[in-house]
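K.L.:
Have a look at the structure that comes next, please.
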Amino acid sequence: MFKKIKIIIQITIVVLIIISFGYYIYSDYQKSKTLKDTKSETIEQISNLDFTNQTDQDIKQETIGEYKESFNTQAEIFINDSENPKSFWALIEIAQIKELFEDYDGAKQALLWAIDLEPKSYLANGNLAHLYFRHYNDFAKAEEFFLKAIESDSVQVATYYYDLHEIYRYFYKQDTGLAEDILKQGIEKYPKEIDLMFSLARYYEDMNRKDEAKEYYIKILEINPDSQIAKQKLEDI
């Protein structure tokens, strides 16, 4: 009797193991299928665009045709090998055209995919930050991706410091000193970028901090002695 009970227990354990293993395989399959379906949907969203959406645009049909041809070429590159780093530039162009034709969600997906391929790209991160800033008014996300973009040492990212300044000054974290600090960080990193100095000097003027404004107009003239704007500002202060 005891032997029979032992056999039954062993059989039950084996059955439970088989069921558990089967459930694991099924769950893994379902998860894989969901991921695959989501990926397919994202690829479709990125690689398709309705070029008739011209509610607020005044683009000639000939130009629309050129954009369409360029878009289809880049979409084909992306579809043929979406995981290849060579698709990065195709995605950048796809996103730019999608944004122009007001498909902001599609542009966002293209840029997110581009960042997956090149996580440290200042261009992809900066373009996505602009999208969040200008079209979604999602200032937290805009800040996140602008900050990623300025990790680059390229002088091309200098303009992103001004974008962050604008966000901090008018829209987000306004009760902090970040609007001032971010411009100072940009100037420290790029000491020859007088546009950032102009931005900081004007900010100080608006805050009625005239001595500090004057200091930066003088610095501008040290770099560019012919700057008539800086000269005029110094006279006005």
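K.L.:
Give the separation of the Cα centroids, segment 141-198 to segment 64-120, in Å.
P.N.:
Distance between centres, Cα-based: 27 Å.
K.L.:
What is the local net charge at Tyr168, summed over the other residues whose Cβ is closer than 11 Å to its Cβ (Lys, Arg +1; Asp, Glu -1)?
P.N.:
-4
K.L.:
Another one. Quick check on my link table: of Lys184/Lys231; Lys60/Lys141; Lys68/Lys141; Lys86/Lys184; Lys98/Lys189, which ones sit more than 25 Å apart, alpha carbon to alpha carbon?
P.N.:
Lys60/Lys141; Lys68/Lys141; Lys86/Lys184; Lys98/Lys189
K.L.:
Return the loop-located chymotrypsin sites (Phe, Trp or Tyr not before Pro) in segment 100-188 (DSSP other than H, G, I, E, B) with at most 11 other Cβ atoms within 10 Å of their own Cβ; answer none if there are none.
P.N.:
Listed in order of number, the matching sites amount to none.
No value in this document is a laboratory result; all are computed from the given coordinates. Everything numeric in this text was worked out from a predicted model, so none of it was measured. Cβ sites come from the backbone with ideal geometry, for glycine too, and all protein chains shown count toward neighbours.
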